[in-house]
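Okay, structure first, notes after.
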Amino acid sequence: MTTRTVGTTVERAVSARGLELMLGATPVLRGVDVELARDEVTALMGPSGSGKSTLLHCLAGILVPDTGSVQVLGESLADLGEKDRARLRLRRMGFVLQGGELVPELTLAENVALPLQLLGTPHRLAMERATTMLGSVGLGGAGDRRTGEVSGGESQRAAVARALVHEPEIVFADEPTGALDTVNGEQVLELLLSSSRERGAGVLLVTHDHRIAAHADRVLVMRDGRIVQESPA
């Protein structure tokens, strides 16, 4: 698999080799090799049960594979304990999940500010940056509303804002439009990808929808725990 370079600088965000993982008696990953570039959107497709989400979780350090190695942003995950992996995710990664996973007791602005506050940003500055970020995803003036007071599309826009507010170097998006209708899904996807590209962040986009995958730079197809195809979108 080719990794692009500029001069001697490798643009690799993630490099994984020989990933294997069993869940109980079931093999979920079977010798997966994959590389993700810092400035590239990669779509990961495949049928349900093919191992897409499991692979994403291994690349993000949420799951530890039984065998194989993962390097993320120059860090070998095998050399990091659970707390250090969590710190790496908080500082340098962003996540958008299918349901948004916003905290319902918090306002949209408080949700978006949460990563910054966990990183030690003073409350007032974190809220100012969250408000600015909400404006950039079309939610200016909605920061004081809670998730129960906004539509699914608006909630997912806020989830995109939260994923990007701390300027991560790679974004993991697992079916980020799966719970939305076509129009809202397209709008949320465009916000996620355009904002990530503006910041030079790599994106791994897990999806079963060919229309969503068509927005990527590269498409990987999984089947039975293996990557069986790679092609331009």
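What follows is calculated from the coordinates using simple rules that are stated; it is not laboratory data. All values reported here derive from a predicted model rather than from experimental measurement. So basically every Cβ, Gly included, is an ideal-geometry build from the backbone, and we count neighbours across all protein chains shown.
Remarks
- Region 92-135, residues that are surrounded by fewer than 17 Cβ atoms within 10 Å (Cβ to Cβ), not basic (K, R) and not in a loop (DSSP other than H, G, I, E, B): Q117, L118, H123, L125, E128, T132, G135
- Extreme residue, surrounded by the fewest Cβ atoms within 10 Å (Cβ to Cβ), among residues of region 182-205 that are under 20 Å from R89 (Cα atoms) and touching a Ser or Thr at 6+ places or on another chain (Cβ under 6 Å): L204
- Residue within region 147-166 that is surrounded by fewer than 24 Cβ atoms within 10 Å (Cβ to Cβ), closer than 15 Å to T42 by Cβ and touching a helix residue (DSSP H, G or I) at 6+ places or on another chain (Cβ under 6 Å) present: no
- Count of region 175-218 residues, restricted to those that are of a type outside the set (S, T, N, Q), out of contact with any His (no Cβ under 9 Å at 6 or more places or on another chain), within 18 Å of L56 (Cβ to Cβ) and in contact (Cβ under 8 Å) with a residue 40 or more places away in the chain, is 15.
- Any hit, region 44-55, residues being aliphatic (A, V, I, L, M), assigned to a strand (DSSP E or B), touching a Gly at 6+ places or on another chain (Cβ under 9 Å) and within 23 Å of M222 (Cα to Cα): no
- If you go through region 174-198 and keep only what is among the charged types (D, E, K, R) and within 14 Å of the chain's Cα centre (by Cα), you end up with D174, E175, R197.
- Contacts under 9 angstrom Cβ, first residue in region 156-169 being free of Cβ contacts under 8 Å to residues at least 40 places away in the same chain, partner of a type in the set (V, I, T), 6 or more apart: R157/V137; R157/V150; R157/V188
- When R85 is tested against the conditions (1) more than 30 Å from E128 (Cβ to Cβ); (2) surrounded by 13 or more Cβ atoms within 10 Å (Cβ to Cβ); (3) out of contact with any Lys or Arg (no Cβ under 9 Å at 6 or more places or on another chain), the lone failure is (1).
- Among the residues of region 21-53, those identified as without any contact (Cβ under 8 Å) to a residue 60 or more places away in the chain and not hydrophobic (A, V, I, L, M, F, W, C) are G24, T26, E35, G49.
- Some residue of region 186-194 being under 18 Å from V165 (Cα atoms) and of a type in the set (V, I, T): yes
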